[in-house]
Amino acid sequence: MKKIPENAPCPCGSGRKYKHCCMNKGKVTGPQIPIAPVSAFPVRHIPLLDDIDQLHNSVLDLIDDNRLDEAEKVCMRLLAEYPTDIDGLETSVLVYRARKDYRQAAAYAIETVAFMRKQKAAFASETIREFEGQAKELMRLSAECTPD
């Protein structure tokens, strides 16, 4: 079995990075029990997360709270401030999917796959194939939702 890159999305489906989810548990299982949002803890209790991880996790929390405009703004910030990291792309997929804007979600999914292919050493082939599958599914949903 190939090693999962720590910055890859966790295979358990939580939407969090592997390093902040199942990596330290030693084994990836099914979907995880939801955890309290980062914003629920005083700053002094947040594990040593860097800014990009906090932004990434805040997008997930905002999506959970259905605050999609705010989540989109954080995605744009991730894209602007961290253009060499995948977080802005993959969280944008999640935001537009939550909005049911499958065309835009598919566009970001395709961009995510292209990013992964350029940095192939950082991403497992399985992870790339998973995002390719997501992109195809989102394109299918987009076609179904587009008026003739």
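Listed values, structure above:
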quantity: Condition met for PRO11 (at pLDDT 70 or above and under 12 Å from the mean Cα position of the chain (by Cα)); calculated: yes
quantity: Where GLU90 falls short, out of the listed (1) open to solvent by 30 Å² or more (accessible area, probe 1.4 Å); (2) in contact (Cβ under 8 Å) with a residue 60 or more places away in the chain; calculated: (1)
quantity: Some residue of segment 101-111 being surrounded by fewer than 20 Cβ atoms within 10 Å (Cβ to Cβ), of a type in the set (Asp, Glu) and free of Cβ contacts under 8 Å to residues at least 24 places away in the same chain; calculated: yes
quantity: Qualifying position, being out of contact with any strand residue (DSSP E or B) (no Cβ under 7 Å at 6 or more places or on another chain), at pLDDT 75 or above and open to solvent by 50 Å² or more (accessible area, probe 1.4 Å), among HIS45, HIS20; calculated: HIS20
quantity: Yes/no for ALA124 being closer than 16 Å to GLY15 by Cα, of a type in the set (Gly, Ala, Ser) and in contact with a Lys or Arg (Cβ under 9 Å, 6 or more places away or on another chain); calculated: no
quantity: Meets criteria (within 13 Å of ASN57 (Cα to Cα) and without any contact (Cβ under 8 Å) to a residue 24 or more places away in the chain) for VAL74; calculated: yes
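To keep it simple, each residue is scored yes or no on (1) closer than 24 Å to ILE4 by Cα; (2) over 12 Å from the mean Cα position of the chain (by Cα); (3) modelled with pLDDT under 95.
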site	(1), (2), (3)
ALA80	no, yes, yes
ASP85	yes, no, yes
GLY88	yes, no, yes
ALA107	no, yes, yes
PHE115	yes, yes, yes
LYS118	yes, yes, yes
ALA122	yes, yes, yes
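The values are calculated or read from the model by the stated rules, or taken from the named source; none is laboratory data. Nothing here was measured: the structure is a model prediction, and the numbers come from that model. Note that each Cβ is placed from the backbone with ideal geometry, even for glycine, and that neighbours are counted across all protein chains shown. All accessible areas refer to the heavy atoms of the entire protein, side chains included, with ligands and DNA or RNA removed. Shrake-Rupley method; radii C 1.70, N 1.55, O 1.52, S 1.80 Å.
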